[in-house]
Structure formats: C-alpha cells, structure tokens
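Asker: Structure incoming, see below.
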Amino acid sequence: MTKILNATKIILSYYISKITKKPIHWGHPMSISIEPTTACNLRCPECPSGLRSFTRETGTLKQDFFRTTIDQIARTCCSLTFYFQGEPYLNPDFLRMVTYAHRKGLYTLTSTNGHFLSDEVARDTVESGLDRLIISIDGLTQKTYESYRKNGTLRKVMDGTQNVLKWKKLLKSSTPHVIFQFLVVRPNEHEIPKLFAMAKSLGVNEVRLKTAQLYDYKNGHILMPDNVKYSRYVQSNDGTYRLKNEIHNQCWKMWHSAVITWNGLVVPCCFDKDASHIMGDLKRKPFSHIWTNATYRDFRQQILRARKEVDICTNCSEGCSIWA
C-alpha cells in the first residue's frame, strides 16, 4: 500500500506540473538505476564506456554503500535497474547486490553484453532472484556483430544465453525474464526477421529492437539504418538529419526515476552519461534530501520551461525505441 500511495502521489504531481508549468513534486521515485561499474570489456563506437571518453572517474560500486542506499529507498521504490554505463558483471559483487535488493522486495533487472555468463555465473544469476535479464545481441553473424560490438565474440553471447536458459529450466525458475535486445544499425538491419526465429528456437522470452543513439548525426552516419523505421533520426529538406521525435517541455522520468553513479552521484536520467548534471551526492546527503532539493527543483523547472535548451535532452530517445 505504501508503494501504491507513493505512485499515486507521483502521477498526480506530474500531471499538475504539466498543467501549471511549475515543478510540483510529491512522493519518491518508483524506479532507480544504479551503476555497478563504468568499466567495460568492449569498445562500442557510440558508447562512452567503449570509447573510454568519460571525464568522470572510472570505478566500481561498493557493496556496503549499495546496501546503505537501498535501505533508504526500498520502502517506496518498486524497481531497481543495475545498469547505467559499463558492464555489470565486471563488478565481482554484482549478483550479491541483486540478491540483497531482491530480498528487499524490489523488482530487479540488468543489461549485459553477455560475455561473462559462464555456466557457474549463469546458475548464480538465476539463483540471485534477478527478475529481468537484457542481453545485447547486435548481430547474427560474427561479422555483423563486431561491426558495432568491437572486441566482442558472438559465440560467447550465444553460449551465455543458453547457460542461463538451461539453469532456469533445471532450477524450475520463471526468472529471469530473458530479453534479446537488438541495437538496429545499418550493418545488421537485414537480420531482423531471422532474429525472431532464432530467439524463439532458443526459448528467449522476448525480443526488443532499439534505435541507436548517434553523436554526430547531422550529416548522416555510417551506422544509421536505411529503414527510417529503425532510426532515431529523419532527413530534413536540406539533406541534413534531425531527431525524429519532437522535444516537448515535459519528462516523466524527472518525476518517477533517478540514476545513481557507482560513486554515489545522483543524476537526472540515463542520458547524462558523463554526470554533467549532478543533483546531489549520496556520500554527503540522504536520497530524500537530494530528491527534493533546490537543484532538482530548478532542473525540473527548466524541463517544463525549455527542454530543448537542456543538452542531455537534445538526443533523447523517449518514444523512439521499437517494441516487438
């Protein structure tokens, strides 16, 4: 009942804020993303982790700090995403943290490149209580896969997926709900029809197609799909490209969710990859204070007034993902 009441408060305050154009906020976030690590084994060309282009520190979430943070939010929060940047399974305490969150009554999910799902880790994943496992599979041959997943090996991803599905069956577990996430880029878009058949044959629960965020898209990009349906961008009359979706002065994420970096910085959403908009530091202030402080309130006001002027909003995918 506490979580239902909290969700009701958030929804009401969000719609009142949209109408009044004032950042009214009641309740606490229903959804939190926390970053197990910024490190990654791959070198994906449009990812700050892959490009090693962060200006913020690279590091790993510590278990004691994680538990302290979860204890602050578990009463009203519904779901916890173990992902922001980096590869979660590179954190040696990752699955122990999943178990702790699961026991606190949180719906848990993560996104992985699938390279570390050995037989033992796959069993530990199923036993951890993880509710949802998103596995990035961005190609059905090694050639198409590595066109984006630089330094990646498709065979490892396939073996890891099969390991998880095997242990789900052996342990008679309905979780984790396994999703194949396919980042659609020009080299792999022709493989989409085969993707669904392969996922079904393996026993994967769901397939999700995702548009690619490209940093330098104005004059086109080598990774931009030919089929505009799968692109986050559309061509203008002058030949240049722009974001397909309009940027409206509203954002549901600013009312119901937040992102926490590995070292305790609270940032508005997953598009602030370099933590350039810090709402507060959990090493100095409790989450409840940060969530309602002047910095957060002013940021929400800016979203309601002129979202186009907020740098992290200019390439936002809200409404651009393709669900299948």
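The values are calculated or read from the model by the stated rules, or taken from the named source; none is laboratory data. Treat the numbers as computed from the prediction; the structure is a model and nothing was measured. So basically every Cβ, Gly included, is an ideal-geometry build from the backbone, and we count neighbours across all protein chains shown. All accessible areas refer to the heavy atoms of the entire protein, side chains included, with ligands and DNA or RNA removed. Shrake-Rupley method; radii C 1.70, N 1.55, O 1.52, S 1.80 Å.
Asker: Surrounded by fewer than 21 Cβ atoms within 10 Å (Cβ to Cβ), in contact (Cβ under 8 Å) with a residue 40 or more places away in the chain, closer than 29 Å to K172 by Cβ and not basic (K, R) - does that describe any residue in the stretch 79-91?
Answerer: yes
Asker: Related question: Taking the conditions exactly as written (in contact with a strand residue (DSSP E or B) (Cβ under 8 Å, 6 or more places away or on another chain) and open to solvent by 30 Å² or more (accessible area, probe 1.4 Å)), does T314 satisfy them or not?
Answerer: Details: in contact with a strand residue (DSSP E or B) (Cβ under 8 Å, 6 or more places away or on another chain): yes; open to solvent by 30 Å² or more (accessible area, probe 1.4 Å): yes.
Here the answer is yes, as T314 does meet what is asked.
Asker: Would you confirm whether or not the stretch 59-75 contains a residue that is at positive phi and either in a helix (DSSP H, G or I) or surrounded by 17 or more Cβ atoms within 10 Å (Cβ to Cβ) (or both)?
Answerer: No, there is no match, as no residue in the stretch 59-75 is at positive phi and either in a helix (DSSP H, G or I) or surrounded by 17 or more Cβ atoms within 10 Å (Cβ to Cβ) (or both).
Asker: If you check K3 against the conditions, is it outside any helix (DSSP H, G or I), farther than 30 Å from A212 by Cβ and open to solvent by 30 Å² or more (accessible area, probe 1.4 Å)?
Answerer: Numbers: outside any helix (DSSP H, G or I): no; farther than 30 Å from A212 by Cβ: yes; open to solvent by 30 Å² or more (accessible area, probe 1.4 Å): yes.
Criteria not met by K3.
Asker: Give me the pairs, please: first residue somewhere in the stretch 207-228 and closer than 15 Å to T314 by Cβ, second residue anywhere and of a type in the set (S, T, N, Q) and surrounded by fewer than 17 Cβ atoms within 10 Å (Cβ to Cβ), beta-carbon distance under 6 Å, and either six or more positions apart or on two chains.
Answerer: Pairs found: Q213/N315; K218/T240.
Asker: Against the conditions (1) out of contact with any helix residue (DSSP H, G or I) (no Cβ under 6 Å at 6 or more places or on another chain); (2) open to solvent by less than 40 Å² (accessible area, probe 1.4 Å); (3) modelled with pLDDT of 95 or more; (4) not aliphatic (A, V, I, L, M), where does F287 fall short? Just the number, please.
Answerer: Only one criterion is unmet by F287, namely (1).
Asker: Another question, then. I need the full set of residues from the stretch 115-145 which are of a type outside the set (G, A, S), under 20 Å from the mean Cα position of the chain (by Cα) and not in a helix (DSSP H, G or I), in order please.
Answerer: H115, F116, L117, L130, D131, R132, L133, I134, I135, I137, D138
Asker: A follow-up question, please. Name the residues in the stretch 100-112 that are under 30 Å from N151 (Cα atoms) and open to solvent by less than 10 Å² (accessible area, probe 1.4 Å), would you?
Answerer: If the condition is that a residue be under 30 Å from N151 (Cα atoms) and open to solvent by less than 10 Å² (accessible area, probe 1.4 Å), then T108, T110, T112 are the ones that fit.
Asker: Within the stretch 222-232, track down each residue that is buried (at least 18 other Cβ atoms within 10 Å of the Cβ) and either modelled with pLDDT of 90 or more or closer than 30 Å to G27 by Cβ (or both).
Answerer: Applying the first criterion (buried (at least 18 other Cβ atoms within 10 Å of the Cβ)) to the stretch 222-232 yields 223-225, 230-232.
Answer for the stretch 222-232, where residues must be buried (at least 18 other Cβ atoms within 10 Å of the Cβ) and either modelled with pLDDT of 90 or more or closer than 30 Å to G27 by Cβ (or both): L223, M224, P225, Y230, S231.
Asker: Out of all the residues in the stretch 16-41, which are within 15 Å of the chain's Cα centre (by Cα) and not in a loop (DSSP other than H, G, I, E, B)?
Answerer: Residues satisfying the conditions are S31, I32, S33, I34, T37.
Asker: Shifting gears a bit: Would you mind stating whether I179 is open to solvent by less than 30 Å² (accessible area, probe 1.4 Å), touching a helix residue (DSSP H, G or I) at 6+ places or on another chain (Cβ under 6 Å) and not aromatic (F, W, Y)?
Answerer: On the way: open to solvent by less than 30 Å² (accessible area, probe 1.4 Å): yes; touching a helix residue (DSSP H, G or I) at 6+ places or on another chain (Cβ under 6 Å): no; not aromatic (F, W, Y): yes.
No: the conditions fail for I179.
Asker: Related question: Can you tell me how many residues in the stretch 25-57 are surrounded by 15 or more Cβ atoms within 10 Å (Cβ to Cβ) and without any contact (Cβ under 8 Å) to a residue 40 or more places away in the chain?
Answerer: 3
Asker: Just one of K273, K172, K218 is modelled with pLDDT of 95 or more and either open to solvent by 40 Å² or more (accessible area, probe 1.4 Å) or within 15 Å of the chain's Cα centre (by Cα) (or both); which is it? Working first, answer last.
Answerer: Working: K273 fails: modelled with pLDDT of 95 or more; K218 fails: modelled with pLDDT of 95 or more.
One residue alone meets the criteria, K172.
Asker: Then there's this: Consider V207 against the criteria (1) in a loop (DSSP other than H, G, I, E, B); (2) buried (at least 17 other Cβ atoms within 10 Å of the Cβ): it satisfies all of them except one. Which criterion is unmet?
Answerer: (1)
Asker: Scan the stretch 151-174 and give yes if some residue there is among the hydroxyl-bearing types (S, T, Y), in contact with a helix residue (DSSP H, G or I) (Cβ under 6 Å, 6 or more places away or on another chain), in a loop (DSSP other than H, G, I, E, B) and touching a residue at least 40 places away in the same chain (Cβ under 8 Å), otherwise no.
Answerer: Within the stretch 151-174, one or more residues are among the hydroxyl-bearing types (S, T, Y), in contact with a helix residue (DSSP H, G or I) (Cβ under 6 Å, 6 or more places away or on another chain), in a loop (DSSP other than H, G, I, E, B) and touching a residue at least 40 places away in the same chain (Cβ under 8 Å).
Asker: Taking the stretch 191-213, which residues are farther than 27 Å from N163 by Cα and in contact with a Leu (Cβ under 6 Å, 6 or more places away or on another chain)? Spell out the reasoning first.
Answerer: If we filter the stretch 191-213 for residues that are farther than 27 Å from N163 by Cα, which is where we start, we get 211-213.
Correct list: A212 only.
Asker: Only one of Q235, Q250 is modelled with pLDDT of 90 or more, open to solvent by 20 Å² or more (accessible area, probe 1.4 Å) and within 21 Å of the chain's Cα centre (by Cα); which?
Answerer: Values: Q235 fails: within 21 Å of the chain's Cα centre (by Cα).
Sole residue among the options that is modelled with pLDDT of 90 or more, open to solvent by 20 Å² or more (accessible area, probe 1.4 Å) and within 21 Å of the chain's Cα centre (by Cα): Q250.
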